[in-house]
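The values are calculated or read from the model by the stated rules, or taken from the named source; none is laboratory data. The structure presented is a predicted model; accordingly, all values stated were derived computationally and were not measured. Positions of Cβ are backbone-derived with ideal geometry, glycine not excepted, and every protein chain shown enters the neighbour counts. Accessible surface is based on the protein model in full, side chains and every heavy atom, while ligands, DNA and RNA are left aside. Shrake-Rupley method; radii C 1.70, N 1.55, O 1.52, S 1.80 Å.
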Amino acid sequence: MVTAECEVGPDHGRQKGVTMCRNLSKYAPIFLLLALSGLIFLLRNIHTLENLNCHTVSTLYQLQSRIHSAFTQEGAPPLYHNHTFCGHLGQEPSPEDALEERYLLESIAWPEPPPHSAPTPLRQTSDPVHSLFAILPTKGVREWHVGDQLEALIQMHDFQGRPKRYGGDFLVARLHSPELGAGVAGQMLDHRNGFYSALFPLLWVGSARVEITLVHSSEAVAVLRRLREERPDRVFFKSLFRSGFLSETTVCNMCLPPSQQPLCNYTDLHTGEPWYCYKPKMLSCDTRINHAKGGYQKHLITNKEALLFQSGVNIKVHIHASGPDRINVLPRKKDQPEVESSSTKPEPIKLTPSGYYYEGSWRPLGGATMRQFNDSSAITQCLRGKVINMYGDSTVRQWFEYLNAFVPGEHCLLSPFLYCILCFVHLSYCNSPPIYSTFLELKEFNLYSPKNVGPFMAVDSTHNILLKYRCHGPPIRFSTVTSSELRYVPNELDGLPGGPDTVVVLSVWAHFSTFPVEVYIRRLRHIRRALVRLLDRAPGTLVVIRSANFQALDQEVSLYNSDWYSLQLDGVLRAMFKGLDVLLVDAWEMTLAHHLPHALHPPPTIVKNMIDVFLSYLCPEKKRS
């Protein structure tokens, strides 16, 4: 119903004014109909307003986005743009910690595009279709041998075909041979002038194909960097508070502006890791019962910036070669030294490449000799008498699930009579433990934990094996976790006795991509200090760290979990634990070098190779006299 309000002066024709008001009320529906007709006409013909090339974003969607962005999302926290406030919450860093933080931030510094007064148009940004790479000859000769280094030179062009004059593109490279089941990650060098070099060690005889991929343009990386610093709230969390029949849900996060409303402070007393929730209106802070992912903020970027994140256009698109993209690798020259592939002791975290695939199996370069654990008997012998503690996100939960599922259902337990027959047929059986006692018999103990959240525990009482998994403390984007199960990794490590029968596996990275890097540095520093305390009191404890890995990307995933965020965190992780007596499973290279598509949770084939690396660290191959 439409009403019209009219004001008429007291001394001028009151009756006439009343008549005009009635006329306006009478024609108001006609005016409303005309306005709606105009809006419908605009929406039907809106495609004529813009005519962008290179996969334009729908203008109707743009209009809808503007309308929706004018309203606050239901349940979403208010906007807050202060990355310094978020990055430096918690305990004041010591001068040594501040110096280390500065060094770490400088070590992952990324080239920025030149400043522009206006956003760079899409046509002037990096285009993988117009860009090219070429394999360079070695010492002027196009002949390669095992042990040589291969170099490919990449030149980036924009959508108009013009050469780029600055760096900052996020490129990745691999050298692979589908026929041989071989692959190795390349090392990328940014010359900061539009040219890049990809370097590969030549590790096998036969064909090898170079593959160069643009993950993000330099202009897209600049947008990701801004989001990381200015919008740590783009993933938000919530907690349920309950007392009797009363319950309230409020927004939670690592950094909430105190000016909005009163806060509940859940900062960890031991580590100083901050965490806050908005205080419920009717309940006290100590009535919090759980933690959960709240959701994702939408409409974070402008319509022009959205063009920088298009699947199949400028997200993870291959760059073509200007000439051959394959080479044939010849056997090693007689005077060339061999690549060191093993040593008596596994080395700590080292620079790339850490290994390569051959015949589908990962082969480390340096460190422990790779063993294949293809049956439950071998896994059982390795894990016998061990307590394996896994802490982190769902990428290490995959390891727990893999080992827990590795029960040979198709095998039956061999009776002693059948075992004696096998001994008689093949005397070598008599030199090993009885077959009927070596099958992996892990049974998951029901802790009534939520699926995919944990904690989880599996036990093999026959072989004295205990396997445990627990997620790290917030931020954790899992579904509902009870407050009592929110435990920080350093506190869990301080509760371990350690020793030769204790194994610690850590994977802490995926849930920190939306926060400033300082937040991740602080978390790893607390974990490192706890590991130092653990290794001091129990030097025989084996500590294995799983690195970040590549994942599938589209526009939405890129804004929250881009591989560029993971690359930055991975660089910090390697530097933080360098020199410590810990070992690395290089999931970054293992997912980049493999031919299977990237996924946040790598496929079983890659997980199997990771488990083989882990078990090779735990049970190194014995030297033969």
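Observations on the structure shown:
- Members of the range 484-507 found to be closer than 12 Å to ALA530 by Cβ and small (Gly, Ala, Ser), listed by number: GLY495, GLY498
- Filter result (of a type in the set (Val, Ile, Thr), over 13 Å from SER394 (Cα atoms) and either surrounded by fewer than 19 Cβ atoms within 10 Å (Cβ to Cβ) or at pLDDT below 95 (or both)) within the range 447-501: VAL459, THR462, THR480, VAL481, THR482
- A single member of PRO280, PRO337, PRO353, PRO346 is part of a loop (DSSP other than H, G, I, E, B), at pLDDT below 95, open to solvent by less than 30 Å² (accessible area, probe 1.4 Å) and not polar (S, T, N, Q), and it is PRO346.
- Those residues of the range 462-485 which are within 14 Å of MET390 (Cα to Cα) and either part of a strand (DSSP E or B) or in contact with a Lys or Arg (Cβ under 7 Å, 6 or more places away or on another chain) (or both), in sequence order: ILE465, LEU466, LEU467, LYS468, TYR469, ARG470, CYS471, GLY473
- LEU122 meets all of the listed conditions (1) more than 30 Å from LEU203 (Cβ to Cβ); (2) open to solvent by less than 10 Å² (accessible area, probe 1.4 Å) but one, namely (2).
Yes or no, residue by residue, for (1) more than 21 Å from GLY360 (Cβ to Cβ); (2) open to solvent by 20 Å² or more (accessible area, probe 1.4 Å); (3) over 27 Å from the mean Cα position of the chain (by Cα):
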position	(1), (2), (3)
HIS157	yes, yes, yes
GLY168	yes, no, no
MET188	yes, yes, no
LEU199	yes, yes, no
THR213	yes, no, no
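- Boolean, ALA152 is at negative phi, part of a strand (DSSP E or B) and open to solvent by less than 10 Å² (accessible area, probe 1.4 Å): yes
- Of note, ALA173 does not satisfy the criterion of being assigned to a strand (DSSP E or B), surrounded by 17 or more Cβ atoms within 10 Å (Cβ to Cβ) and over 25 Å from the mean Cα position of the chain (by Cα).
- Just one residue in the set ARG546, ARG574, ARG624 is closer than 29 Å to ASP501 by Cβ, modelled with pLDDT of 95 or more and surrounded by fewer than 22 Cβ atoms within 10 Å (Cβ to Cβ); that residue is ARG574.
- Residues in the range 198-244 that are of a type in the set (Lys, Arg) and in contact with a Lys or Arg (Cβ under 6 Å, 6 or more places away or on another chain): ARG209 alone.
- So GLU248, is it buried (at least 21 other Cβ atoms within 10 Å of the Cβ), of a type outside the set (Val, Ile, Thr), over 18 Å from TYR296 (Cβ atoms) and at pLDDT 95 or above: no
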